[in-house]
Amino acid sequence: MFGELTQQESEQLLKDHIYGRIGCHAFGKTYIVPISYAYSDGYLYFHTFEGQKVQMMRNNPSVCFQMDMLEDMANWKSVIIQGTFEELNDNDRDKGLKVLLARELPALVSETVKLTPLWPFPETKYDDIPGIVFRIKVNEISGRFERSDAVIR
C-alpha cells in the first residue's frame with residue numbers, strides 16, 4: 001500500500017531522526033549533500049563549516065530537505081521539505097546549538113555530528129563551539145510511505 005503521511009506524521013518522523021539530505025541551487029549548479037539535523041517548532045537546525053553548501057544557500061536561500069526511513073524496498077517513509085535558509089548569529093545561534101545538543105544521538109556517531117570535542121557533554125559556553133549554525137524554516141512539508149501488506153505490524 002502506498003500513501004501520504006499527514007503533516008503531524010511527517011513532523012514526528014523528522015523529530016525521531018537526525019539524518020537527511022539538503023539540496024540547494026546557485027551559480028548554475030544543484031548540490032545535494034547528506035547532513036545531520038534536529039527538528040523543532042517548524043525549523044530544521046544544522047551545524048556545519050564554511051563550504052560549498054553554505055556559499056550556495058547564502059546566494060539562494062530557497063532549499064529542499066529530504067529524509068527517509070527505509071526498512072526494506074516495500075516498507076519505507078519519506079519526508080520532503082521546501083524551506084528557507086537562515087544563518088544564525090548571537091542568541092539565535094545559541095538557541096540552535098541548544099536544539100542540536102538536546103537531540104538523542106546513537107552511541108556511535110561521526111565526527112561531524114559531535115558539536116564539541118567533549119561530546120556527549122555539552123559546552124557551557126556556546127561561543128567555544130566552532131562552525132556555522134543555520135536553520136531551515138519549513139514552508140512546505142510532504143510525506144509519503146509504502147507498506148507491504150505481507151508484513152504484519
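Quick rundown of the values:
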item	result
Among residues of segment 67-97, those that are over 18 Å from VAL54 (Cα atoms) and among the small types (Gly, Ala, Ser), counted	2
Test: residue in segment 49-70 that is under 24 Å from ALA102 (Cβ atoms), among the acidic types (Asp, Glu) and assigned to a strand (DSSP E or B)	yes
For ASP41: the one exception among (1) closer than 23 Å to ARG93 by Cβ; (2) in contact with a strand residue (DSSP E or B) (Cβ under 9 Å, 6 or more places away or on another chain); (3) of a type outside the set (Val, Ile, Thr)	(2)
Segment 1-48: number of residues that are assigned to a strand (DSSP E or B) and farther than 26 Å from ALA74 by Cα	15
GLN12 vs. criteria surrounded by 13 or more Cβ atoms within 10 Å (Cβ to Cβ), free of Cβ contacts under 8 Å to residues at least 24 places away in the same chain and over 21 Å from ARG147 (Cα atoms)	no
Top-ranked residue in segment 16-31 [being within 13 Å of the chain's Cα centre (by Cα) and modelled with pLDDT of 95 or more; ranked as farthest from GLN66 (Cα to Cα)]	GLY23
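So that you can scan it fast, the table gives a plain yes or no per residue for (1) closer than 25 Å to ASP127 by Cα; (2) in contact (Cβ under 8 Å) with a residue 24 or more places away in the chain; (3) surrounded by 17 or more Cβ atoms within 10 Å (Cβ to Cβ):
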residue: ILE32; (1), (2), (3): no, no, no
residue: ASP41; (1), (2), (3): yes, no, no
residue: LEU44; (1), (2), (3): yes, yes, yes
residue: HIS47; (1), (2), (3): yes, yes, yes
residue: MET57; (1), (2), (3): yes, yes, yes
residue: ASN60; (1), (2), (3): no, yes, no
residue: GLN66; (1), (2), (3): no, yes, no
residue: LEU70; (1), (2), (3): no, no, no
residue: ASN75; (1), (2), (3): no, yes, no
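The values are calculated or read from the model by the stated rules, or taken from the named source; none is laboratory data. The structure displayed is predicted, hence computed values, not measured ones. Here the Cβ is made from the backbone with ideal geometry for all residues, glycine too, and neighbour counts use every protein chain on show.
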